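The values are calculated or read from the model by the stated rules, or taken from the named source; none is laboratory data. Owing to the predicted nature of the structure, the values given are computational and were not obtained by experimental measurement. Virtual Cβ from ideal backbone geometry, glycine too; neighbours counted across all protein chains shown. With ligands, DNA and RNA removed, areas are computed over all heavy atoms of the protein, side chains included. Shrake-Rupley method; radii C 1.70, N 1.55, O 1.52, S 1.80 Å.
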Amino acid sequence: MNNRQIMSDPELDKRLIGNLRQARLAFEEVDLQLEELVAKCDELIRQQKLQRIKQKQKN
């Protein structure tokens, strides 16, 4: 086995860390967009249920 230690390139490390940070931010943005979509769907479902209840009360 070779126990040779690999030296990392600091510039490469900085670039990779920057890329990871950008990817994390992009995922956070998508997560927030999905949360907003779920909230809109929940509101639509709530309105539909309320409409059905009011319709049944009229009959």
Of all residues in the range 1-37, which are of a type outside the set (D, E), open to solvent by 90 Å² or more (accessible area, probe 1.4 Å) and more than 23 Å from the chain's Cα centre (by Cα)?
-> M1, N2, N3, R4, Q5, I6, M7, K14, R15
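When you go through K56, K49 one by one, which is the residue that is surrounded by fewer than 10 Cβ atoms within 10 Å (Cβ to Cβ) and assigned to a helix (DSSP H, G or I)? Outline the logic, then answer.
On the way: K49 fails: surrounded by fewer than 10 Cβ atoms within 10 Å (Cβ to Cβ).
Answer to the selection: K56.
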